[in-house]
Amino acid sequence: MAMPIRKYCNSLFIMKLPKYFNKNDRRQLFSEADLKLDRFQRQRVFKKDELGVTGKNTILKKLECVQTSTDAKSNVYSLIDLIHIAENKEDLHILKRVTQMICKSDINTIENFSFGASLLRLYYYLGLPIEAYEMYKDPACHEFLSDNTCHRILMDMLYCHKYYNETLDVFRGLKNFNIDCVTLALASCYHINTEESFLKAHSIVKNNKEEHVFSRRALLFYSMLCIRQNKPDQALQILTLVKENNLSKNIKLMALAKSGQGRQIMEVLETIKDLSENVEMPLLCRIYSDTMTDLEQVLKEKLRPKEFANFCFLQEDLSDRAVLSRQTVSNLLERIIPGNIEYWRRGGKQKVIRDFSSVSAEAT
């Protein structure tokens with residue numbers, strides 16, 4: 001049987017990935033489109049076609065001869081080309097050596113090109129997070145990588161490969177608040193799951209909640225960390241700041257279970273049962289498998305036998321209504337955050353309103 005076109009194309013794409021790039025082992029939090037990795041990969045294809053078969057060797061020989069900052073400055077466009085065609089650590093060694101000779105002011109004279117961000121996208125594409133982290137920590141290169149975009153790409157790269165402590169270390173170097181970097185920092189604290197990481201997460205939330213807005217995912221990561229650290233009351237308090245959805249409802253049930261509030265859990269389940277009667281929105285309420293496991297353990301201890309029997313009947317009723325799901329909170333918490341670019345692709349970019357009088361007229 002012929003392989004479907006989409007599946008065949010996806011298999012070709014995976015075959016072209018570097019051999020040390022294990023897609024199944026990744027925990028990427030932001031989409032490739034949002035990090036502009038997809039554009040970078042397309043640009044690599046265009047640049048290879050433009051330079052031809054011998055183009056890369058010509059550029060490498062030219063850059064190997066660079067010995068002074070003046071030489072490096074005059075070869076800056078060759079350096080940019082190498083960013084889009086580098087394929088191994090030997091190429092990166094030359095790239096890093098020449099980069100260290102160039103001042104940031106010289107790089108900034110190149111219009112419409114973000115040098116530091118493109119450099120990190122190359123490391124991301126090649127699957128070299130530690131090498132990118134070491135370059136970030138190098139004082140000679142740190143100036144190139146000091147903006148929010150660079151921090152966001154590097155943190156997602158480190159998080160993707162489960163270097164959670166390094167992700168937090170990069171977050172400490174962030175000069176200005178960035179909602180995505182905060183999300184990655186709180187997600188890293190959630191995975192580290194120690195008292196120290198909880199205090200770090202608590203400090204991040206406490207120092208920024210008055211002046212800045214957090215993403216819903218960031219607050220959900222923090223709530224789950226509170227539950228893991230036996231602080232369910234704090235998790236419930238944070239959840240009041242979150243716009244409710246299925247994931248937040250499940251985390252709320254987990255927090256109630258952790259605090260042993262059996263009767264409150266039954267009230268929430270009865271509410272979910274009533275909402276499930278809406279046949280026009282069958283997936284309005286879902287309870288995930290790990291949530292139900294926690295509830296069953298707690299309610300068995302906290303409720304009297306007759307009350308627990310009522311819970312079992314309610315559980316069967318929810319199962320018949322397709323409310324119970326095999327999904328888990330931990331997996332859904334790790335779903336890729338699409339970002340604005342993905343939403344624009346699906347529904348189109350929102351129209352910019354310049355004449356507000358027409359809006360007020362329509363409203364009346």
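For the stretch 205-223, enumerate the residues that are within 17 Å of residue 176 (Cβ to Cβ) and without any contact (Cβ under 8 Å) to a residue 40 or more places away in the chain. Give the derivation first.
Step one: of the stretch 205-223, the residues within 17 Å of residue 176 (Cβ to Cβ) are 207-215, 218.
Hits for the stretch 205-223 are 207, 208, 209, 210, 211, 212, 213, 214, 218.
Pairs under 6 Å by beta carbon, first residue modelled with pLDDT under 90 in the stretch 59-79, partner among the acidic types (Asp, Glu), six or more apart or different chains?
Within 6 Å, the pairs are 73/106.
So residue 243 passes all but one of these: (1) open to solvent by 80 Å² or more (accessible area, probe 1.4 Å); (2) of a type in the set (Lys, Arg); (3) part of a helix (DSSP H, G or I). Which condition number does it fail?
Result: residue 243 fails condition (3) only.
Going by the conditions given, is residue 227 within 19 Å of residue 200 (Cα to Cα), buried (at least 20 other Cβ atoms within 10 Å of the Cβ) and β-branched (Val, Ile, Thr)?
Working: within 19 Å of residue 200 (Cα to Cα): yes; buried (at least 20 other Cβ atoms within 10 Å of the Cβ): yes; β-branched (Val, Ile, Thr): yes.
Yes: the conditions hold for residue 227.
Here's a check for you: in the stretch 33-50, which residue that is open to solvent by less than 50 Å² (accessible area, probe 1.4 Å) and without any contact (Cβ under 8 Å) to a residue 40 or more places away in the chain is nearest to residue 124 (Cα to Cα)?
Filtering the stretch 33-50 for residues open to solvent by less than 50 Å² (accessible area, probe 1.4 Å) gives 33-35, 37-38, 40-41, 44, 47.
Among the residues that remain, those that are also without any contact (Cβ under 8 Å) to a residue 40 or more places away in the chain are: 38, 47.
Numbers: 38: 11, 47: 18 Å.
Among those residues, the one meeting the criterion is 38.
Report the residue count in the stretch 144-167 for those that are assigned to a helix (DSSP H, G or I), farther than 17 Å from residue 31 by Cβ, of a type outside the set (Ser, Thr, Tyr) and open to solvent by 10 Å² or more (accessible area, probe 1.4 Å).
Adding up the residues that qualify gives 4.
Looking at 181, 141, can you tell me which residue is under 18 Å from residue 98 (Cβ atoms) and open to solvent by less than 20 Å² (accessible area, probe 1.4 Å)? It would help to see each step written out before you state the result.
Details: 181 fails: under 18 Å from residue 98 (Cβ atoms).
Residue meeting the stated conditions: 141.
The values are calculated or read from the model by the stated rules, or taken from the named source; none is laboratory data. Not measured: the values here are computed from a predicted model. A quick note on method: Cβ atoms are made from the backbone with ideal geometry, for glycine too, and the neighbour counts reach across all protein chains shown. With ligands, DNA and RNA removed, areas are computed over all heavy atoms of the protein, side chains included. Shrake-Rupley method; radii C 1.70, N 1.55, O 1.52, S 1.80 Å.
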